[in-house]
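Engineer: Have a look at this one.
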Amino acid sequence: MERLFYHHKYTAKELVEELKSLGLTRGAVVIVHSAFSSFYNYQGTPEELIDEILKAIGPDGTLCMPAYPNDKFNPNKIFDVRTDKSAAGLLTEVFRNRPGVKRSLNKLHSVCALGAKADYIVCEHHLSKTSFDEHSPFYKIYELGGISIALGLHNYFMGTCVHVPESLLREKFSFFRNKFAQYATFKYIDKDGKPFIHTTYTKSNDHYVRYRNTKLMEKYFDSSKYKRVRFSNLRITIWDTRHVINTLMDLASQGITIYSHPKFSK
């Protein structure tokens with residue numbers, strides 16, 4: 001249906017100029033989530049878009065993207081961090097194959113990074129107990145004051161960083177402790193071709209259901225800390241990750257979460 005209403009064509013340079021007007025700056029640490037199926041008015045290649053983002057953030061900036069593999073919950077599948085394709089979308093797979101890109105050693109939520117802070121961001125993910133704790137790229141992006149950009153995703157998407165508070169508050173609240181209720185052990189091949197085993201908390205048997213509206217963000221989040229626009233048909237959201245994580249930490253202390261089910265419990 002959208003294709004009947006949105007016809008404006010755009011290039012990689014035009015899209016990145018829009019991102020710059022929304023807060024993408026030189027030296028930024030940025031994680032990009034994307035759905036390339038929404039790029040039907042885009043006139044260009046994934047490589048061109050990545051080039052323009054890297055040009056915008058400059059040599060002191062760092063670009064990150066999710067890069068988890070297919071069948072990531074299968075404990076019998078060995079995750080080869082060097083060669084396994086990203087299942088997080090076309091843009092992420094093109095980025096993964098770019099020379100110099102680093103990839104974190106974590107099967108459930110692997111992240112690729114390129115730039116000044118890339119090594120720091122990905123180097124400890126294999127030490128994470130929940131994939132989102134202090135060793136994770138998501139926490140480090142928050143620590144570095146990074147931004148989260150969503151291209152072509154739904155209007156209330158805040159990025160994978162929303163799980164960082166859940167990990168940090170796991171010991172404090174049973175609600176989050178129950179979310180990471182199971183252990184799983186995964187087998188890896190690291191960047192040097194060596195085998196590695198990582199045991200981590202994984203998802204609960206209880207299905208955690210998110211709110212499917214924007215009321216939470218409109219009520220509790222500072223509107224100056226995020227931007228939501230349409231560029232042609234493409235939905236763009238940009239979030240300050242520090243604001244997202246700090247706000248969600250504060251809300252959790254009040255019994256407010258991004259989930260409609262199950263009910264919050266201390």
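Engineer: Is it true that Met249 is under 23 Å from Lys129 (Cα atoms), part of a helix (DSSP H, G or I) and hydrophobic (A, V, I, L, M, F, W, C)?
Structural biologist: On the way: under 23 Å from Lys129 (Cα atoms): yes; part of a helix (DSSP H, G or I): yes; hydrophobic (A, V, I, L, M, F, W, C): yes.
For Met249, the condition - under 23 Å from Lys129 (Cα atoms), part of a helix (DSSP H, G or I) and hydrophobic (A, V, I, L, M, F, W, C) - is met.
Engineer: Can you tell me which residue within the range 139-160, out of those that are touching a helix residue (DSSP H, G or I) at 6+ places or on another chain (Cβ under 6 Å) and open to solvent by less than 10 Å² (accessible area, probe 1.4 Å), is farthest from Leu19 (Cα to Cα)?
Structural biologist: Lys140
Engineer: Another one. How many residues, within the range 199-209, are loosely packed, with under 14 Cβ neighbours inside 10 Å and either basic (Lys, Arg) or in a strand (DSSP E or B) (or both)?
Structural biologist: The qualifying residues number 2.
Engineer: Quick one: what pairs do we get from the range 22-44, first residue more than 18 Å from Cys161 (Cβ to Cβ) and crowded, with 23+ Cβ neighbours inside 10 Å, second of a type in the set (Val, Ile, Thr) and modelled with pLDDT of 95 or more, C-beta under 9 Å, 6+ apart or different chains?
Structural biologist: Close Cβ pairs satisfying both conditions: Tyr42/Thr11.
Engineer: Also, quick follow-up: From the list Phe180, Phe186, Phe196, exactly one residue is farther than 30 Å from Glu17 by Cα, surrounded by 15 or more Cβ atoms within 10 Å (Cβ to Cβ) and touching an Asp or Glu at 6+ places or on another chain (Cβ under 7 Å). Which is it?
Structural biologist: Phe196
Engineer: If you don't mind, another one. Look through the range 217-242, keep the residues that are out of contact with any Ser or Thr (no Cβ under 9 Å at 6 or more places or on another chain) and part of a helix (DSSP H, G or I), and return whichever of them is most open to solvent (accessible area, probe 1.4 Å).
Structural biologist: From the range 217-242, those out of contact with any Ser or Thr (no Cβ under 9 Å at 6 or more places or on another chain) are 218-219, 223-224, 230-232, 236, 242; that's our starting set.
If we keep only those that are part of a helix (DSSP H, G or I) too, we end up with 218-219, 223-224, 242.
Details: Glu218: 109, Lys219: 147, Ser223: 83, Ser224: 76, Arg242: 110 Å².
Among residues in the range 217-242 that are out of contact with any Ser or Thr (no Cβ under 9 Å at 6 or more places or on another chain) and part of a helix (DSSP H, G or I), the one most open to solvent (accessible area, probe 1.4 Å) is Lys219.
The values are calculated or read from the model by the stated rules, or taken from the named source; none is laboratory data. Small disclaimer: the values here were computed from a predicted structure and weren't measured. Cβ: placed from backbone, ideal geometry, glycine included. Neighbour counts: every protein chain shown. To get the accessible areas, we keep the full protein, side chains included, count just its heavy atoms, and leave off ligands, DNA and RNA. Shrake-Rupley method; radii C 1.70, N 1.55, O 1.52, S 1.80 Å.
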